[in-house]
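Here is the structure we will look at, set down as structure tokens.
The values are calculated or read from the model by the stated rules, or taken from the named source; none is laboratory data. Because the structure is predicted, anything quoted here is derived from the model rather than measured. Cβ: placed from backbone, ideal geometry, glycine included. Neighbour counts: every protein chain shown.
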Amino acid sequence: MPDFLTVPMPPDDAFLLDAEAVAAGVGVDPRTGLSEEEAARRLLVDGPNDLRGKAPVPAWRKVIAQFQDALIYLLLAAVAISLVVWVVEGAEGVPVDAVVIATIIVLNAILGYTQQAKAEDAVAALSRMTAATSTVWRGGELRTVPSADLVRGDVLVLGEGDAVGADARILTASSLHIQEASLTGESEAVFKDPATLMGPASLGDRVNMVYKGTSVAQGVGRAAVTAVGMSTEVGAIAGMVDATVEEPTPLQVEINRIGKLLGIIVVIVALVVMLTVVLVEGISAPSDLVGVLLLGVSLAVAAVPEGLPALLSVILAIGVQRMAKRNAVVKQLSAVEALGSASVICTDKTGTLTRNEMTIQRVVTASGRASLTGAGYRPRGSVLSLGEELSGDLRAEVQLVLSAGSLANNAQLSEDNGEWHIQGDPTEAAFLVAARKLEGTMERVVHFERQAEIPFTSERKLMSTVHQDQADGALLLLSKGAPDVLMGRCTRLQVGESTVPLTETLRQEALDEIEALSAQAFRTLGVAYRVLDTAVSATAVDPSFEKDLVYAGFVGIVDPPRPEAAKAISEAHRAGIRVIMITGDHPTTAARIAAELGIIEPSARAVTGAEIDTLNDRDLRNLTREISVYARVSPQHKLRLVDALQADQQIVSMTGDGVNDAPAIKSADIGVAMGITGTEVTKGAARMILADDNFATIVAAVRQGRVIFENIKKFLRYLLSSNLGEVLTVFLGVIFAGVLGLTDASSDALVLPLIATQILWINLITDSTPALAMGLDPEVDDVMARKPRKLTDRTIDARMWGGILSIGLVMALATLFTIDLFLPGGLVEGNDTLTVARTAGFTTLVFAQLFNALNARSETTSAFRMLFANKWLWGAITLSVALQILVVQVPILQLAFGTASMDLTHWAACVALGSAVLWFDEIRKILMRAISKRTLRQPQ
């Protein structure tokens, strides 16, 4: 086989070989990783790093599925009956009814197939948006790539919260713990070590391997990918696991329930109508019986909105895609319902309410304060004290703080075409930027070589690294973390080039400085160090070494609020949604930012995690009703807060980025993960991902969720009232046939206001594209001016049912009056034939439903507000009108649908009478608005 088609194959027992041998086996230099070109070549050979799911359903099966419906079976039975009668009566001419109904069945199947394809495409697009990513070394640089693009030989860079993208042999590790429950069932995180195993081991005991589908619970490490896709351990069992069937949402369950209920009601109504026709009109020929049967079937098909579930899926999926374009990627359609009902948004501060462009502006040490100019990640600015350049002890101390903070660091700062970018944590990157502003600091940093790391954990609130000075071989442990926590581990204080004991007086002075800077909305981070005995093995260093430290000082970091955050919070409050800030920052800083953004009043306080620990569940539930800022909290506190709010009947949205936020995010009604800073585990637990980590995007998503739900109500209002209008037209037309002049208009024994094919035609052109276009309607009512909807609220409430019934009745009366208007006799004397009068009634009903599409855009707002905002709806209306003109005026279609040509007078009458539903609904809306205003003015 040519070399360009081969990829180095790792051995099956990679866990039994040392790390260097495995790296050589997969053809990679662990220090630089694969080149982009080599990675692309290997991806071409091996294919994507994906697990094969169920085979896609063939198109022909999807087509057949469109005919597997009870109502379609009824129509097929109607075709068979009409064909039998046609044959019995001599098989003369063309079996028009059978041909027309069969054509409508095919057109309905095409529409159903198209809608299903749109929904599937939308969901597939969302899946691509939420695809997992991995961090790798490529060409000597850190790269974030889709996990599907991982190849054998890639060097994975693993950190807390990362999802492991492929099977890999560990090269280096520091306190690395992997959660492997999804693969092995082991509930505890497994400690990982790069050392070579001495003999064969079961999957759960291969501590020098990591596997696809697991996640990093703690620590950091690097690993060489040895298997991808179906070659991984999880791939070996993937074929035995069927794809999970997504449960229907509460809304979909309700829609299905409504559809079934309507089906039962309409079948009963159809039977009653058929029986009434037989009793009133009588049956004198087989064709009369066929006519009655076709009428009953047509009524059942037209009145039951069988397309509701498909329309609902399409509109939800398209709406969710629209949200994704606005940086809110919703992973589950059911989350849209919760979004529209959200009553509380619990949000982090850093990066969500603020810019997440961390900038060090203050450095405080034993000898004083230094101020840094410049903002963002561009390393331009100066380091000054009282407007002068630094000198003496203060300069030495500041340089120590910035250099130590830059070494105890996993971020990267790089320049690309004049633009500066960071890779990693923004707070850590702030040290790299600040160090470049003080001359000589970076030159000092490069003399140290990292030997080991003690990763940050939320329990310790600090991280440490071990470095060796290349000049004299000294071994240093450098720590940075929460200043108050770090100071508790310090026994000495850095003053100039020497150290002094950290007395209680000096400790309190430092704490006062921290408090003062925090009160000015600075985020504070302390730096300390310790000289280790050179005999200590760097790899043996663990958290127990983080003691007897020398306190160097602390920095004040500014992360300015996003300018759009205050406006978004105000909008949330207007919508009846409470905003709660939950952060690990200092309580004073948190309260200051929260007051600035309008979350709380300036006099309000923040509650700390320590205070939460003293409360039982009932007291915490009471507290959450009053307090909107929580600081210095742990992930456990976040989970308790979410549970307390939910116990108080709130619908809670919870944001987070770290792996330890995952329990609270999963527990919340709407878990929201940060797309930029969020870990893969957090994204996996969330139901929505913010592509821009911006709080305003959450509020925008809530608005869009409410708009989507309003649009669903619009097409429900439209479909149900229009279908009811068809049923009432036929039912009342049969009951009052003599009053309308129908019985005297023909010598036939059976005379109906509409024939079966006309009813099916109306169902085809008005129940499809207009209803779908309504699901794409822009916001007509101000959806943020109302309180959150409860999940227990009915989608179709009593008021909406009242509107549906009244509109359906007006529609039927307008149609029957049109027929009476042109027929001789009846209430109004006319002079047209039955065919012309029926054609006019048929056309009036079509126009009435199209006018109803404009009505249904709001339950209370005039149809003339934003009348032309929905171009899709107007396109659908135009198409339906054009098709109706063809059915009325084209001879071959006249034969198929029992119509006759009409003059301008007839057309004008059809438009005018069809518009009756519009004017009736305008009057109804005026009355509803007046009643609503009167209710609001009444004292509560």
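Those strands (runs of 3 or more DSSP E) of region 120-230 in which at least 2 residues are assigned by TED's automatic domain parsing to the domain that holds Leu34 and modelled with pLDDT of 80 or more, considering only elements entirely within it, cover 155-158, 167-179, 215-227.
Scoring Ser862 on the criteria (1) out of contact with any Asp or Glu (no Cβ under 7 Å at 6 or more places or on another chain); (2) touching a residue at least 24 places away in the same chain (Cβ under 8 Å); (3) not charged (D, E, K, R) leaves a single failure, condition (1).
Only residues that are touching a helix residue (DSSP H, G or I) at 6+ places or on another chain (Cβ under 9 Å), farther than 21 Å from Ala510 by Cα and assigned to a strand (DSSP E or B) were counted across region 384-408, and they come to 1.
Considering each residue of region 332-377, count those that are among the hydroxyl-bearing types (Ser, Thr, Tyr) and in a loop (DSSP other than H, G, I, E, B), and give that number. Walk me through how you get there before you give the answer.
Quick first cut of region 332-377, residues among the hydroxyl-bearing types (Ser, Thr, Tyr) only: 334, 341, 343, 347, 350, 352, 354, 359, 365, 367, 371, 373, 377.
Subset that is in a loop (DSSP other than H, G, I, E, B): 343, 350, 352, 367, 373, 377.
Qualifying residue count, region 332-377: 6.
Does Ala863 satisfy the condition of being part of a helix (DSSP H, G or I) and either modelled with pLDDT of 90 or more or outside the structural domain of Val810 (by TED's automatic domain parsing) (or both)? Can you show your working first?
Working: part of a helix (DSSP H, G or I): no; either modelled with pLDDT of 90 or more or outside the structural domain of Val810 (by TED's automatic domain parsing) (or both): yes.
No, not satisfied.
If we scan region 922-932, do we find a residue that is farther than 21 Å from Phe822 by Cα, touching an Asp or Glu at 6+ places or on another chain (Cβ under 8 Å) and at pLDDT below 90? Walk me through it before giving the result.
Pass one, region 922-932, residues farther than 21 Å from Phe822 by Cα: 922-932.
Still in the list and also touching an Asp or Glu at 6+ places or on another chain (Cβ under 8 Å): 925, 928.
Right, trim to at pLDDT below 90 and you get 928.
Within region 922-932, one or more residues are farther than 21 Å from Phe822 by Cα, touching an Asp or Glu at 6+ places or on another chain (Cβ under 8 Å) and at pLDDT below 90.
Conditions (1) in contact with a strand residue (DSSP E or B) (Cβ under 8 Å, 6 or more places away or on another chain); (2) on the phi > 0 side of the Ramachandran plot; (3) in contact (Cβ under 8 Å) with a residue 24 or more places away in the chain; (4) of a type outside the set (Gly, Ala, Ser), marked per residue:
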position: Val699; (1), (2), (3), (4): yes, no, yes, yes
position: Gln704; (1), (2), (3), (4): yes, no, yes, yes
position: Tyr718; (1), (2), (3), (4): no, no, yes, yes
position: Asn723; (1), (2), (3), (4): no, no, yes, yes
position: Thr729; (1), (2), (3), (4): no, no, yes, yes
position: Ile735; (1), (2), (3), (4): no, no, yes, yes
position: Ala771; (1), (2), (3), (4): no, no, yes, no
position: Lys790; (1), (2), (3), (4): no, no, yes, yes
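Listed here are the residues, each with its yes/no results for (1) among the small types (Gly, Ala, Ser); (2) within 20 Å of Leu517 (Cβ to Cβ).
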site	(1), (2)
Gly376	yes, no
Leu390	no, yes
Val398	no, yes
Gly405	yes, yes
Asn409	no, no
Trp420	no, no
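Would you list the helices (runs of 4 or more DSSP H) that sit entirely within region 631-715 and hold 2 or more residues that are buried (at least 22 other Cβ atoms within 10 Å of the Cβ) and in the same structural domain as Asp162 (by TED's automatic domain parsing)? Even if it seems obvious, please write down each step before you answer.
On the way: elements: 635-647, 662-667, 680-685.
Where helices (runs of 4 or more DSSP H) fall fully within region 631-715, none carries at least 2 residues being buried (at least 22 other Cβ atoms within 10 Å of the Cβ) and in the same structural domain as Asp162 (by TED's automatic domain parsing).
Please determine whether any residue of region 866-873 is free of Cβ contacts under 8 Å to residues at least 12 places away in the same chain and under 30 Å from Glu779 (Cα atoms).
First, pick out the residues of region 866-873 that are free of Cβ contacts under 8 Å to residues at least 12 places away in the same chain: 868, 871.
Next cut, under 30 Å from Glu779 (Cα atoms) only: 868, 871.
Scanning region 866-873, I find at least one residue that is free of Cβ contacts under 8 Å to residues at least 12 places away in the same chain and under 30 Å from Glu779 (Cα atoms), so the answer is yes.
Yes/no matrix, rows are residues, columns are (1) without any contact (Cβ under 8 Å) to a residue 12 or more places away in the chain; (2) more than 26 Å from Val398 (Cα to Cα); (3) not assigned by TED's automatic domain parsing to the domain that holds Ser403:
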position	(1), (2), (3)
Ala540	yes, yes, no
Lys547	no, no, no
Arg578	no, yes, yes
Thr583	no, yes, yes
Thr589	no, no, yes
Ala594	no, yes, yes
Leu597	no, yes, yes
Leu623	no, yes, yes
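Of everything listed in (1) outside any helix (DSSP H, G or I); (2) modelled with pLDDT under 90; (3) crowded, with 21+ Cβ neighbours inside 10 Å; (4) of a type outside the set (Asp, Glu), the single unmet condition for Tyr529 is (2). If a residue must be without any contact (Cβ under 8 Å) to a residue 60 or more places away in the chain and touching a Lys or Arg at 6+ places or on another chain (Cβ under 7 Å), how many such residues does region 400-430 contain? Matching residues across region 400-430 total 2. Restricting Val485, Val527, Val433 to those that are within 47 Å of the chain's Cα centre (by Cα), closer than 29 Å to Leu158 by Cα and without any contact (Cβ under 8 Å) to a residue 60 or more places away in the chain reduces the list to Val485.
Would you say Leu895 is part of a helix (DSSP H, G or I), assigned by TED's automatic domain parsing to the domain that holds Ile765 and buried (at least 20 other Cβ atoms within 10 Å of the Cβ)?
For Leu895, the condition - part of a helix (DSSP H, G or I), assigned by TED's automatic domain parsing to the domain that holds Ile765 and buried (at least 20 other Cβ atoms within 10 Å of the Cβ) - is not met.
Being surrounded by 21 or more Cβ atoms within 10 Å (Cβ to Cβ), touching a Gly at 6+ places or on another chain (Cβ under 9 Å), touching a residue at least 40 places away in the same chain (Cβ under 8 Å) and on the phi < 0 side of the Ramachandran plot is a description that applies to Phe822.
If you take the residues in region 616-638 that are closer than 27 Å to Leu462 by Cβ and in contact with a strand residue (DSSP E or B) (Cβ under 9 Å, 6 or more places away or on another chain), which one is modelled with the lowest pLDDT?
As a first pass, look at region 616-638 and keep what is closer than 27 Å to Leu462 by Cβ: 629-638.
Then drop every residue that is not in contact with a strand residue (DSSP E or B) (Cβ under 9 Å, 6 or more places away or on another chain), which leaves 629-633, 635, 637-638.
Values: Val629: 94, Tyr630: 93, Ala631: 88, Arg632: 84, Val633: 84, Pro635: 75, His637: 87, Lys638: 88.
So, considering only residues that are closer than 27 Å to Leu462 by Cβ and in contact with a strand residue (DSSP E or B) (Cβ under 9 Å, 6 or more places away or on another chain), the one modelled with the lowest pLDDT is Pro635.
Check Ser343 against each of (1) at pLDDT 95 or above; (2) within 41 Å of the chain's Cα centre (by Cα) and name the one condition it does not meet. That leaves (1) as the condition not met.
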